[in-house]
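Quick note: the coordinates plus some simple rules give every number you see, no bench work behind them. The structure presented is a predicted model; accordingly, all values stated were derived computationally and were not measured. Glycine also receives a Cβ, built like all others from the backbone with ideal geometry; neighbour counts cover every protein chain displayed.
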Amino acid sequence: MADNDKQKKESGLDDYGIIYISGPINGGTAETVCKQIIEYNIKGETSQIQMIINSPGGSCPAGFSIIDIMEWSRVPIYTTGIGMIASMGLLIFMTGDKGRRVITPRTSILSHRFSAFNFGSHSQLIAGRKEEDLEHERILNHYLTYSGIKDRKELEKYLLRDVDTWLTPDEAIQHGLADVIEPIRMRG
């Protein structure tokens, strides 16, 4: 049995419709998550998918591939943010079904403009700039679709500023990035 299949069997999360994203968003993460969502849709054995996210962000193309499959899914996807949902991790979190985007009270939340590192000839840099502009527009449109802010200037004033914007869970609710803060249950 392959290591990947063995991990899947041992976790048992698949049996419950749970996808757990932890760590950076990259091509490998996107491939795994997209396949899981597609499988849940094909099998039709679960009424919803619960996606738990703890991620500092990562690659925009990888993250948007997850977002595209989330939007394609016929099975509703509920998201829960724990630990840290930052950058692309936040965009994926926001894509969850409205009303079902839950955040824990100690989650660190980061919203910011994306950054890129390019090198090459002058013509390659010019060509790369077009993709950077397109990426920026994708991010703006995503926020306008999935947050409570519907004005581009307001969005750039509060969430996509020139500096990192760290938010409390209450601020995430206020800006429409999340819907519910999971209450703390004291054990006693």
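Points worth noting:
- Projected label distance in nm at residue 186 and residue 108, using a 7 Å step from Cα toward the beta-carbon: 2.8
- Between residue 119 and residue 168, full extension at 0.36 nm per residue minus the direct alpha carbon distance yields a gain of 14.0 nm.
- Theoretical gain in end-to-end length, residue 20 to residue 154 [0.36 nm per residue, Cα-Cα removed]: 45.0 nm
- Counting only trypsin sites (Lys or Arg not before Pro) that DSSP places in a loop and that have at most 13 other Cβ atoms within 10 Å, the longest clean stretch of the chain runs over 1-73.
- Cα gyration tensor shape for region 3-181, rounded if a/c is under 1.5, else prolate or oblate: oblate
- Rounded FRET efficiency, nearest 0.05, which uses the C-beta distance separating residue 31 from residue 129 and R0 of 35 Å: 0.80
- Note on the chain: antiparallel DSSP beta bridges, both residues inside, total approximately 15 percent of the bridges counted.
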